[in-house]
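As structure tokens, the structure follows; a few thoughts come after it.
The values are calculated or read from the model by the stated rules, or taken from the named source; none is laboratory data. Given the structure is predicted, the values throughout are model-derived calculations rather than measurements. For neighbour counting, all protein chains shown are included, and Cβ atoms are generated from backbone atoms with ideal geometry for every residue, glycine included. We work out accessible area using only protein heavy atoms, side chains counted, and drop any ligands, DNA or RNA first. Shrake-Rupley method; radii C 1.70, N 1.55, O 1.52, S 1.80 Å.
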Amino acid sequence: MSYDCIVIGGGVNGGSIAYSLAKRGKKVLLLEKDRVVSKASKAAAGMLAAGGEFVEDGPLFQLARKSRAMFPEVAQELRELSGIDIELINKGMYKIAFSEDDEADLKRIIEFQKQEGEKVDWISAKQLRVQEPRLSSAITGAMYLPSDGHVSAPNLAFAFLKSAAKLGVDIKEFIEVYSVIMENGIATGVMTTEGAYFSNQVILAGGAWSSKVLADTNIRLDTYPVKGECFSVTSHQQLLTSTIFSHGCYLVPKSGGRIIVGATEKANTFSQSVSFNGISGLMEKAKRILPAIVEAEWEMAWAGIRPQTSDGLPYLGEHPKHKNLFVATGHYRNGILLAPITGELIADLIEERQMMLDIASFSIERHVKQPV
Ligand code: FAD
Ligand code: GLY
């Protein structure tokens with residue numbers, strides 16, 4: 001059988017792309033080498049931190065804000081189609097300071113974000129403790145980001161995939177794509193563990209493993225993996241209401257008294273092992289922020305692999321030298337936040353529609369290395 005589009009990768013971005021394409025009437029095949037939602041999209045804390053993650057203006061900050069704004073509609077659409085609640089919670093985020101230097105940094109970030117029209121403000125330690133009484137008294141104030149909510153990352157990824165399937169997308173697990181089939185510089189399908197599949201367009205959304213698929217195709221992208229470890233606890237007491245974001249540690253209060261604490265960063269490894277060092281370091285940081293967390297019950301720990309690029313910007317676009325081959329990866333720390341806009345942008349590109357924003361900064365052209 002031949003398809004309009006083949007999507008490689010069953011994470012949140014592959015799911016979002018397949019869903020956007022199916023909404024536009026395309027016949028889509030999605031191929032996943034493992035189980036769907038088993039890699040970074042399962043590991044993520046689910047923050048929609050368009051304000052919290054960005055310390056300066058740039059194309060990614062603007063992309064992130066646009067994607068964040070799509071969530072209320074996406075949540076409703078996906079719930080109607082898939083029955084899955086993505087658990088969108090809009091209770092804001094506090095990016096906290098422990099010193100005068102932290103305060104100066106945060107106030108500079110507040111200035112640039114205000115200029116861009118972002119809702120953001122400085123609040124004193126006293127005001128913060130009225131909102132979050134369990135936080136440490138060592139915190140000297142915070143940048144308050146009322147628009148940065150969060151979702152359940154796995155639920156979002158599953159909701160995209162189930163909705164896509166409902167709209168007719170064929171999803172096949174445990175099929176690994178070895179390479180993209182090229183005929184006269186045009187992508188016409190993929191070669192897999194189960195033979196060849198053909199389509200008019202091929203979209204690579206393989207997360208941290210994407211460059212491997214292209215490497216086997218003799219095309220190289222400038223990406224590398226960054227491992228992240230997290231743990232979660234539960235508590236009958238309400239320890240937090242809003243997300244707390246600090247250096248190398250964040251605490252995300254989920255429904256039912258669960259808190260996700262993340263995350264470590266280790267570059268250039270595909271190992272998904274959870275280390276004593278990683279988790280104990282996070283525990284120390286979390287305790288410094290929220291001393292009462294020691295009373296909570298341990299739940300679990302896990303790790304995932306973020307897909308990063310050498311300049312920190314994702315790849316979103318058609319390959320400059322290989323027509324009909326599209327790439328959507330390199331979302332690094334923000335792939336959950338960026339998933340809704342990634343799906344729509346890739347579908348717009350494939351349909352040659354007017355883009356909703358300029359995506360030149362994310363072009364593959366900037367880094368494509370041809371084989372030597
Ligand atoms: P993945 O979820 O990794 O999916 C790619 C899929 O492609 C995988 O299932 C893989 O098996 C498959 N695949 C790869 N190669 C092939 C092949 N050859 N054939 C077939 N299938 C293939 N982002 C946020 O926005 N907010 C957060 O709070 C947040 N927290 C995070 C916390 C941690 C600890 C980590 C690790 C990441 C976090 N992220 C967060 C980042 C986010 O998880 C990623 O950016 C995002 O999940 C990437 O999604 P993806 O679909 O591109 O990749
Ligand atoms: N965005 C949070 C993380 O990647 O850890």
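Quick one: grab the alpha carbon gyration tensor of the stretch 47-96, order the square roots of its eigenvalues as a ≥ b ≥ c, and give me rounded if a/c is under 1.5, else prolate or oblate depending on whether a/b is larger than b/c.
Values: a/c = 4.00, a/b = 1.81, b/c = 2.21.
In terms of gyration-tensor shape, oblate.
Quick check: with the 1.4 Å probe, what order do 101, 34 take by accessible area, largest first?
101, 34
How high is the relative contact order of the chain, given as a whole-number percent (alpha carbon pairs under 8 Å, six or more residues apart)?
24
Below 9 angstrom from the Cβ of residue 290, what's the summed charge of the other residues (Lys, Arg +1; Asp, Glu -1)?
Neighbour charge sum, excluding residue 290 itself: +2.
For residue 179 and residue 294, what is the calculated FRET efficiency with R₀ set at 56 Å and r taken between the beta-carbons, to the nearest 0.05?
0.65
Which percent of the accessible area of the stretch 1-124 is formed by carbon and sulfur heavy atoms (probe 1.4 angstrom)?
45
As a test, work out the antiparallel percent of DSSP beta bridges whose residues both lie in the chain, rounded to the nearest 5.
Values: 52 of 72 bridges.
If I count the DSSP bridges inside the chain, around 70 percent turn out antiparallel.
Provide the net charge surrounding residue 200, with neighbours chosen by a C-beta distance below 10 Å and charges set as Lys +1, Arg +1, Asp -1, Glu -1.
+1
Calculated from DSSP H runs of 4 or more alone, at -39500 (n - 2.57) each and per residue, what is the 222 nm mean residue ellipticity of the chain, nearest 500?
-9000 deg cm²/dmol
Roughly speaking, to the nearest percent, how much of the stretch 198-293's 1.4 Å accessible area is carbon and sulfur?
Values: 2080 of 4000 Å².
Of the solvent-accessible surface of the stretch 198-293, carbon and sulfur hold 52 percent.
Find out how many positive minus negative residues lie around residue 158, taking Lys and Arg as positive, Asp and Glu as negative, among other residues whose Cβ is under 14 Å from that of residue 158.
Counting the neighbours of residue 158, the net charge comes to +2.
What is the chain by shape, rounded, prolate or oblate, if you read a ≥ b ≥ c off the alpha carbon gyration tensor as root eigenvalues and call it rounded for a/c under 1.5, prolate for a/b larger than b/c, and oblate otherwise?
Cα axes put the chain in the prolate bin.
Which sequence of 137, 310, 20 reflects their accessible areas, 1.4 Å probe, from the largest down? Please report the intermediate quantities before stating the final value.
Values: 137 100, 310 65, 20 5 Å².
I get 137, 310, 20, largest accessible area first.
Grab the beta carbon distance between residue 234 and residue 323, set R0 = 51 Å, and tell me the FRET efficiency rounded to 0.05.
0.50
Tell me, what is the per residue accessible area of the stretch 1-84 in Å², probe radius 1.4 Å?
Value returned for the stretch 1-84: 35 Å² of accessible area per residue.
What pairs in 227/323; 212/323; 39/172; 42/266; 66/287; 66/172 have C-alpha atoms more than 25 Å from each other?
Long pairs (Cα-Cα over 25 Å): 227/323; 66/287; 66/172.
Can you pull the accessible area of residue 234 for me, 1.4 Å probe, Å² to the nearest 10?
Its accessible surface works out to 40 Å², give or take rounding.
What whole-number value in Å² describes the accessible area per residue of the stretch 141-256 for a 1.4 Å probe?
On the way: 4260 Å² over 116 residues.
About 37 Å² of surface per residue is accessible.
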